[in-house]
Ligand code: AZC
């Protein structure tokens with residue numbers, strides 16, 4: 001049946017009454033939201049079901065993206081958009097006197113991720129379905145998402161994020177697909193059974209993994225894929241073994257939190273258990289599914305591609321080996337061949353401390369059989385290098401060293417493809433950090449620059465700009481992001497440029513209203529909105545931004561009439577709970593903000609806003625309102641970055657170091673439409689090699705640096721006696737690991753250019769237009785299509801067909 005407004009209104013009233021026994025006037029926003037979500041779900045369930053059946057019937061090869069994080073944010077609007085129902089629903093609700101946007105606010109963000117890694121995984125889910133590709137997600141259904149951040153007296157306080165307490169409208173529990181996982185056996189012995197040696201586990205316990213599936217709706221093509229998130233439960237047969245609440249809670253805790261506290265060994269063990277839990281559950285269910293479909297596991301690679309998103313799911317490799325060896329009775333060589341053909345791995349960071357290593361006794365305790373298999377992979381690997389005459393590469397590439405399992409080594413050795421997430425990152429991987437692996441397996445290495453869900457970030461988040469685009473270049477950009485380039489024709493069209501500026505202004509007004517409500521702070525939409533939104537990390541250098549703010553403040557105190565463009569500095573950032581330095585930086589930002597925001601003498605020329613509890617939904621509010629995008633990481637440290645792409649797509653101009661995907665953004669927009677500064681990767685590498693960097697020299701020899709740093713410790717910024725000293729020490733005594741001081745003057749100079757450029761609204765709008773026009777280049781659709789073709793070898797199974805969701809059930 002055609003999904004018309006009349007039909008929607010009738011159905012909406014009916015379901016509201018059936019579900020809640022209220023009429024529209026009395027219904028709460030929550031009831032309205034639930035009713036709307038149920039209609040949306042019924043609209044795609046049939047397509048979802050058909051998709052699962054078709055894939056099984058036709059034996060389509062499918063990709064499974066294993067990720068410990070998925071960060072989709074809210075789904076109502078994107079589902080409506082993808083189903084082609086958006087306008088009909090808004091207009092229907094309007095007829096019913098319901099404010100659609102108020103209703104959407106009820107939905108809690110699915111915040112099962114921390115930052116770029118999790119957001120990328122969610123973007124890939126959307127892009128796979130939107131490209132008609134059979135690709136599914138596999139992860140954990142955390143009861144609490146990434147913590148809720150409160151700022152109290154300038155400090156970050158972490159509160160539980162109870163995103164599930166009102167239920168999740170988009171998930172379906174599938175009891176019939178539950179699988180059991182054996183952990184903590186004290187011993188494994190091999191017994192002969194039916195002519196095979198089978199392992200027998202002694203001791204330990206069994207946990208039941210129960211999947212909750214979320215339909216991933218493709219953009220107007222009728223393709224609905226599956227995001228499977230696992231929860232842990234106690235199997236009925238095991239209940240007697242969990243007699244106390246405490247024992248039961250241990251199982252519940254398994255899927256409670258995204259990042260267990262890694263400062264205790266208990267927390268670290270829990271994290272490893274989470275990794276094994278969702279990996280084992282996922283692989284078991286994939287094998288079950290393919291066996292049921294009648295596929296021969298010899299040919300697993302013809303039907304299945306498993307992607308290891310960063311090292312957290314690396315136990316996929318020994319787990320698949322375990323199942324093939326122990327349950328399917330393959331010989332080692334055959335099992336290894338199948339495993340390496342199926343597995344591929346993405347690296348998301350080259351920071352040494354972020355590369356997972358696990359003490360071998362953790363793995364031994366967790367699953368001794370997995371440990372045995374890892375040892376055998378290692379033994380054979382070492383032997384093969386000796387045979388190849390490359391024994392010199394053993395120490396740097398082997399899996400087990402210093403009583404630890406190096407997860408990166410296991411990932412590379414057990415996969416047929418290893419990719420980085422931006423050109424520079426892949427190049428560094430090959431030439432520096434993973435160079436020895438590259439020498440051994442050059443054919444495995446490839447680049448896949450990240451991408452973003454441009455539909456969410458433009459069509460949903462930036463309706464003002466979308467209207468301008470529709471009017472100027474027609475609507476095809478809504479389907480084909482590359483068509484945004486049609487905008488280039490209008491780069492000198494004053495009318496269009498003014499409209500772009502006007503759209504930005506309206507978005508700034510909207511953000512200003514939010515800031516007034518949330519921070520009690522009045523900010524002017526006429527000021528430059530200068531935005532840095534990302535995880536708080538020293539390498540991302542929020543500190544560089546902060547030092548410049550202090551410098552500007554000092555200048556203004558000296559000369560209140562200083563001619564600078566008023567600026568509002570907007571930060572959104574969470575610090576990992578155990579990351580002390582990051583929390584110290586948050587405190588400093590907030591106290592500098594308090595000082596500046598309350599100082600009447602600087603005539604509102606500066607404001608500092610720290611937006612609490614940064615999330616995907618807040619990003620949807622902030623990004624369209626940004627004039628300046630801060631992408632100022634130390635060159636070589638940011639693997640790619642993705643907020644850089646979202647911000648440019650929304651017309652913000654980027655202030656950037658030559659790091660991560662910033663370089664590719666520069667290549668797209670040209671040198672005149674981006675503000676580049678700072679040390680290059682070669683300069684950073686040289687400093688690291690020669691150890692010649694001396695932060696004190698900058699402090700002692702450059703007055704502007706001394707003046708700013710002194711402000712951290714001389715009491716001129718209240719309430720940061722301890723934190724100011726800490727930051728001061730990081731930048732001097734501890735020799736400024738991230739070269740903040742080396743880049744400071746370059747940063748000041750480039751920001752001065754930004755200041756000048758902003759004074760010419762049409763010239764600014766032209767740069768902005770060029771950024772928008774080039775934004776389509778970074779569409780996640782294109783990125784996953786490259787993964788599909790070059791790594792997973794999967795093909796689209798659904799062609800674009802707008803009619804598909806119209807067959808309303
Ligand atoms: C991030 C990288 O820091 C970022 O540069 C990249 O764009 C993103 O992955 C996607 O590839 N890494 C993380 O977010 N890592 C964690 C653990 O959150």
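The values are calculated or read from the model by the stated rules, or taken from the named source; none is laboratory data. It should be emphasised that the depicted structure is a prediction, and the values quoted were computed from it without experimental measurement. Methodologically, a virtual Cβ is constructed for each residue, glycine included, from the backbone with ideal geometry; neighbour enumeration extends over all protein chains shown.
So for segment 586-597 (the condition being under 28 Å from residue 460 (Cβ atoms) and touching a strand residue (DSSP E or B) at 6+ places or on another chain (Cβ under 8 Å)), does at least one residue qualify?
Step one: of segment 586-597, the residues under 28 Å from residue 460 (Cβ atoms) are none.
Checking segment 586-597: not a single residue is under 28 Å from residue 460 (Cβ atoms) and touching a strand residue (DSSP E or B) at 6+ places or on another chain (Cβ under 8 Å).
Enumerate the helices (runs of 4 or more DSSP H) found wholly within segment 286-378, keeping only those where 3 or more residues are without any contact (Cβ under 8 Å) to a residue 24 or more places away in the chain and either more than 16 Å from the ligand (Cβ to nearest atom) or more than 26 Å from the chain's Cα centre (by Cα) (or both). Explain how you work it out, then say what you get.
Numbers: elements: 300-303, 316-322, 332-342, 360-366.
Those helices (runs of 4 or more DSSP H) span 332-342.
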Considering (1) touching a strand residue (DSSP E or B) at 6+ places or on another chain (Cβ under 8 Å); (2) within 16 Å of the ligand (Cβ to nearest atom), say which one residue 612 fails and leave the rest.
(2)
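Residue check: is residue 651 buried (at least 24 other Cβ atoms within 10 Å of the Cβ), over 18 Å from residue 751 (Cα atoms) and modelled with pLDDT of 95 or more? Spell out the reasoning first.
Details: buried (at least 24 other Cβ atoms within 10 Å of the Cβ): yes; over 18 Å from residue 751 (Cα atoms): no; modelled with pLDDT of 95 or more: yes.
Answer is no for this residue.
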Test residue 671 against the stated conditions and say whether it is closer than 30 Å to residue 736 by Cα and free of Cβ contacts under 8 Å to residues at least 12 places away in the same chain.
yes
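Yes or no, residue by residue, for (1) more than 16 Å from the ligand (Cβ to nearest atom); (2) more than 18 Å from the chain's Cα centre (by Cα):
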{"site": "100", "(1), (2)": "yes, yes"}
{"site": "108", "(1), (2)": "yes, no"}
{"site": "118", "(1), (2)": "no, no"}
{"site": "132", "(1), (2)": "yes, yes"}
{"site": "138", "(1), (2)": "yes, no"}
{"site": "144", "(1), (2)": "yes, no"}
Is it the case that segment 582-599 has a residue that's more than 28 Å from residue 354 (Cβ to Cβ), buried (at least 24 other Cβ atoms within 10 Å of the Cβ), touching a residue at least 40 places away in the same chain (Cβ under 8 Å) and more than 23 Å from the chain's Cα centre (by Cα)?
yes
For segment 717-730, indicate whether the set of residues that are modelled with pLDDT of 95 or more, loosely packed, with under 14 Cβ neighbours inside 10 Å and on the phi > 0 side of the Ramachandran plot is non-empty.
no
Here is a list of conditions, (1) under 27 Å from residue 785 (Cβ atoms); (2) assigned to a strand (DSSP E or B); (3) within 16 Å of the ligand (Cβ to nearest atom), and residue 124 meets all of them except one; can you say which number that is?
(2)
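Quick grid of which residues meet (1) more than 24 Å from the chain's Cα centre (by Cα); (2) in the same structural domain as residue 736 (by TED's automatic domain parsing); (3) outside any loop (DSSP other than H, G, I, E, B):
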site	(1), (2), (3)
645	no, yes, yes
654	no, yes, yes
663	no, yes, yes
666	no, yes, yes
678	yes, yes, no
687	yes, yes, yes
692	yes, yes, no
697	yes, yes, yes
700	yes, yes, yes
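Filter segment 405-422 for residues that are over 20 Å from the mean Cα position of the chain (by Cα) and within 16 Å of the ligand (Cβ to nearest atom); which is nearest to residue 446 (Cα to Cα)?
To start, the set of residues in segment 405-422 that are over 20 Å from the mean Cα position of the chain (by Cα) comprises 405-407, 409-417.
Within this subset, residues satisfying the condition of being within 16 Å of the ligand (Cβ to nearest atom) are 407, 411, 417.
On the way: 407: 19, 411: 15, 417: 7 Å.
If we take residues in segment 405-422 being over 20 Å from the mean Cα position of the chain (by Cα) and within 16 Å of the ligand (Cβ to nearest atom), then 417 is nearest to residue 446 (Cα to Cα).
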Quick check on residue 537: is it in contact with a helix residue (DSSP H, G or I) (Cβ under 7 Å, 6 or more places away or on another chain), under 16 Å from residue 622 (Cα atoms) and in contact (Cβ under 8 Å) with a residue 24 or more places away in the chain?
no
Tell me, yes or no, whether segment 639-653 has at least one residue that is more than 16 Å from the ligand (Cβ to nearest atom) and touching a strand residue (DSSP E or B) at 6+ places or on another chain (Cβ under 7 Å).
yes
Tell me the residue from 272, 197, 227, 190 that is touching a residue at least 60 places away in the same chain (Cβ under 8 Å) and part of a strand (DSSP E or B), please.
227
For segment 586-612, give me the residue count where each residue is assigned to a loop (DSSP other than H, G, I, E, B), touching a helix residue (DSSP H, G or I) at 6+ places or on another chain (Cβ under 9 Å) and at pLDDT 95 or above.
4
Helices (runs of 4 or more DSSP H) within segment 396-463 that include 2 or more residues outside the structural domain of residue 129 (by TED's automatic domain parsing), buried (at least 22 other Cβ atoms within 10 Å of the Cβ) and in contact with a strand residue (DSSP E or B) (Cβ under 8 Å, 6 or more places away or on another chain)
407-413
